[in-house]
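Below: one structure, written as structure tokens.
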Amino acid sequence: MKTAVKTKNSNVKVIIRATSEEMSKEAARIFADRIRKKPNIVLGLATGGTPVKMYKELIRMHKEEGLDFSKVITYNLDEYLGISSDHDQSYRYFMNDNLFNHINIKKENTHVLNGKAKDAAKECKAYEDAIKKAGGIDIQLLGIGGNGHIAFNEPGSPKASRTRVVDLTEKTIQDNARFFASASDVPRQALTTGNGTIMEAKEILLIADKASKADAIAKSLEGPITEKVPASLLREHKNVTFVIDKDAASNLKGDYSG
Ligand code: PGA
């Protein structure tokens, strides 16, 4: 399958792969390339179902090809509010379980917002400051919600939003219920980096698979640039790549064959 270059009227580079597995390998290849070029890179990382296979591939590259994470620094996008880091649905737990425990990264170099912080506003401000102090995010990984959200920036989140406490929409609660005993167990609020925080990353890589993302991907790439579809705001970034599988690309009308 051909790899697309830049889409017309947009800065976004779109890479379409036949399967979710190939999409994941392509995304891992891009991350590994950036890590090799800058061993002390600052990575922005994401949770959810989509990056799991990409993280598996990075672990494989570490074990079999010596991909070195010893100087890598990471900041995650978001965390549920009110959930402690050892809760098995916390994003800290997810990151340890799906990536950090299997590579040679220093735990003190990995950062996830603290869902149990006594003063959530202070936690959010400190997180923003820490990212700045680290020199900013070199490459930010993003998933996309079925409603076009990025991190927990739900539709309507301001373009300039920063790290803050947000309410989750019913759609996101339902989408995430599969990870909990029931939808009523899904936290109603989260701490999240903002659209403005994300847009400051030097490079952005959005990954998506499955037909359930096709509508959000089409709106993000071909609909109006609007806060109603937070991922559409990425079209104003200078260095963004969407790596998606055929199913997630199935509603696109443009020619992305390069
Ligand atoms: P998913 O979530 O990877 O579990 O589909 C992505 C997102 O909601 O950003």
By accessible area of protein heavy atoms, probe 1.4 Å, what ranking do 87, 62 get, highest first?
87, 62
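Sort the following peptides by mean Cβ neighbour count (other Cβ atoms within 10 Å, averaged over residues), highest first: 244-252, 128-136, 147-155.
Averaged packing, sorted descending, gives the order 147-155, 244-252, 128-136.
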Quick check on the chain: what are the equivalent-ellipsoid semi-axes from the Cα gyration tensor, as sqrt(5λ), descending, whole Å?
25, 22, 18
Rank 46, 181, 10 by how far each Cα sits towards the positive end of the charge dipole of the chain (+1 on Lys, Arg Cβ; -1 on Asp, Glu Cβ) and give me just the farthest.
10
If you count, for each residue, the other Cβ atoms within 10 Å and average over each peptide, how do 203-213, 188-198 line up from highest to lowest?
188-198, 203-213
Relative contact order for the chain: what percent, with Cα pairs under 8 Å and sequence separation of 6 or more?
26
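The values are calculated or read from the model by the stated rules, or taken from the named source; none is laboratory data. Not measured: the values here are computed from a predicted model. Note: ideal-geometry Cβ built from the backbone for every residue, glycine included; neighbour counts use all protein chains shown. Note: accessible area is taken over every heavy atom of the protein model, side chains too, but ligands, DNA and RNA are not part of it. Shrake-Rupley method; radii C 1.70, N 1.55, O 1.52, S 1.80 Å.
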